[in-house]
């Protein structure tokens, strides 16, 4: 204990020199010595001792710690110098590269970091250098590093992470690499673009809000909805750019958008019911039109089954028709399920639901019965084959054909539609039968008439005393009478028996009567031969009569002198007749040659390729030539007539076929025209009827008798169509006139009800009324539109009055604000009453806040008077001239014109109105009053109106 007090350690001595000397004897490797050194390094009062202890410990961490906690300036300076030396060496045993970076990043001063960056230290990559630049956070350091030590990669990274326009401009001045210059210029351009963004965003937002507000004036729901969704989508995208605006502007934009959004949604809600009703009506009309279309297709498909050869119809065609009918049924069922379904007027071919149901039932029945109809059609075809063949057995042909006719009528009644070929074939066969029966009856009648005529002749001869001729004629009469059938013989039996008895009596008196008559007849013959032949026909008749009388008194084979003399006299009397008949024979020969030439001309026609209209004209011309060709002998005429008919057969068949086609086409047009009468007649029906008439004109002739009948029917149907159309148009005009009168009355009521409170309601009502008026006819619509123009003019006048009132109120508030804004020491918002401030326009508020102009208030006051065309006090006349000259030069040189509103904002930007500027304020008030307030009702008047 005594030694401890007598021998204290040197490091605890009160003498700093002793403590410093003791440090040399201590070892940093020993734990006890190390603790003593720590104590001396951080707690000793002597700077020398502290420095000696730190050198002995030789630890970067302790030196660095000393820079933070030492009280000695000398120690602080030495420690800082040591740390800087260690840090700024590329390699040092006291500090690894990672430790050095961590120190620079976490502990080192910015100056040391700057020195490390500018040295530059090895072992630092670009990422670490960027972190150290971030720690320093100074643009001048970044610029120095960029300029002095940074390689291309580091410079590129510095450019990419720099957001300072000023620094980028400085870097651009130092950069020489073309690629980095482009990168710098691109970033600078982006800054320039960003500088424009507030104005651009504000412009786009203003335009978008204006478009959103304009939606309130539109009346079509779909249009409004589409535009609203587009604008909302645009606003959603644009809202991402609102950060370019200040917070106040953003708040104003969002508030306006929310207000307009709510108004647009309410406007859509008002328009939606009418739109939904319109859509429902359109859907109903489409459904009905679909049913109508299915109906027409089903009718066409079923009609095609029966239109041609029923037997040739395949199962696929029947299946297609069944499908069309089923589709029609499904469409009709869908239409019926709609409780509100009615039969709207869809134009041509429209039908009520009841009519379509009846048609559907008929069509279904036709399709279901088609198989049976085919069988009936086959039976008809077999019947026609049987009818076309002559019966093999000897039966009563009349009864046979009557039985076939009854079978045809029975089968055809069971068919919905008799196929046209079968119907035509039956007509041909029936025609042949009728022709044969008519020929048979005509032949029988002719034979009967011939017998009667012979009886009459014989009886007349007997009465006239021509007994010989009567007896000669009787022999032919007996042969004709024997050829008659039993029924005809029975009809003439009594007369024939009477005549026969008279002839038998005459035969006994013949010789008794002949002697005194012959000389008389011979004298008459000689006198006739001596007379001139003025009338050949009469002469020939007289000769014939004399010869008949002579023959009645002469026995056959008589050769007496008187007989010879009589023949010579008659021959001499007949000589002029013979010459005349020879001339007639010559003319008949010429006529025969002409007819043969006509037959040859007909045969030379190319009937197959020649246009049928030209062929018909040529045939009519040839027929007329045939009729005018002159007389020929009966025997020759019969032969020529047969040749003529044979030659005409081929072209006549083609013309007949053409006539038949024309007849069918015109019959089809008649059916189409008739179908128009089955439905309501409208303009479309009339157009269709006119089109059918034009088609009728393009179709050729259908034979004279058929053509007249077809045209009479077609004309009657068209007359009915246009008569109904006239009635329909008259009814529609009456209905349109009534509807137009109601709309005009409604428009007049809008004028009566128009007030500021009902303005929006009247505007919407007028728009709806205008849409309805477009459906009226022109005359009625014109009256409605005229009334609506009066409503629109009244609405415009009321809106202009309201806008004038609002503008006047705004400018009254502006004058009040100018009266209150007098102190330059206080802000505008504190001087102007908040109610008045809120009533100001946005541009006026901003002008009052800016307080910065190029000219003084007197300048802008005089400029306002110039723009408003108001007088300026005489003492400011020279200033007025200067301003006018300046405005003129600006317009000529720059094309600029200052608006009154801009001049007002410039006047407001001149700051508060001082007492020395009272006169200027008075002049300013006069301009505002004259431009915006004069003629508008005062605030008190508006308040009175609202209270009323």
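If one computes the Cα centroid of the stretch 318-338 and of the stretch 718-766, what distance in Å separates the two points? Here the two parts' Cα centres lie 39 Å apart.
Sorted fewest first by neighbouring Cβ atoms within 10 angstrom, 497, 819, 680 come out as 497, 819, 680.
The residue 902 and residue 774 beta-carbon pair, evaluated with R₀ = 56 Å, returns a calculated FRET efficiency of approximately 0.80.
In nm, what is the difference between 0.36 nm times the number of residues separating residue 869 and residue 934 and their Cα-Cα distance?
Numbers: separation 65, 0.36 × 65 = 23.40 nm, distance 1.51 nm.
Taking residue 869 through residue 934 to full extension adds about 21.9 nm, to one decimal.
Between residue 81 and residue 319, the modelled label-to-label distance comes to 11.3 nm, taking each label 7 Å out from Cα in the direction of the beta carbon.
Each of residue 610 and residue 639 was given a label point 7 Å from its Cα along the Cα-to-Cβ line. The distance between the two points is 2.6 nm.
Full extension of the chain segment joining residue 661 with residue 365 gains 103.5 nm, where the gain is 0.36 nm per residue of separation less the Cα-Cα distance. Semi-axis lengths, largest first, of the ellipsoid equivalent to the stretch 538-668 are 51, 15, 12 Å, with √(5λ) applied to each eigenvalue of the Cα gyration tensor. For the stretch 81-184, the share of alpha carbon pairs falling in successive 5 Å distance bins from zero is 2, 13, 26, 22, 17, 10, 7, 3, 1 percent. For the stretch 799-947, the spread of Cα positions along the three principal axes, ordered from largest to smallest, is 53, 39, 29 Å. In terms of its Cα atoms, the stretch 605-729 spans 67, 28, 18 Å along the principal axes, sorted from long to short.
Taking R0 as 25 Å, what's the FRET efficiency between residue 443 and residue 402 from their Cβ-Cβ distance, rounded to 0.05? Efficiency, from the Cβ-Cβ distance: 0.80.
The alpha-carbon atoms of the stretch 677-756, seen along their principal axes, cover 78, 19, 15 angstrom, with the largest extent given first.
Would you kindly state how much longer the chain becomes between residue 169 and residue 621 on full extension, computed as 0.36 nm times their sequence separation minus their alpha carbon distance, in nm to one decimal? Kindly include the intermediate steps, with their values, before the conclusion.
On the way: separation 452, 0.36 × 452 = 162.72 nm, distance 10.71 nm.
Using 0.36 nm per residue and subtracting the Cα-Cα distance, I get 152.0 nm.
Estimated from the Cβ-Cβ distance and a Förster radius of 45 angstrom, the FRET efficiency linking residue 580 and residue 459 is about 0.85.
Simple spin-label estimate for residue 789 and residue 216 gives 2.9 nm between the two label positions (7 Å along the Cα-to-Cβ direction from each Cα).
A short reminder: the numbers here are calculations on the coordinates, not readings from a lab. What you see is a predicted model; the values in this text were computed from it and never measured. Glycine gets a Cβ as well: all are built from the backbone with ideal geometry, and neighbour counts include every protein chain shown.
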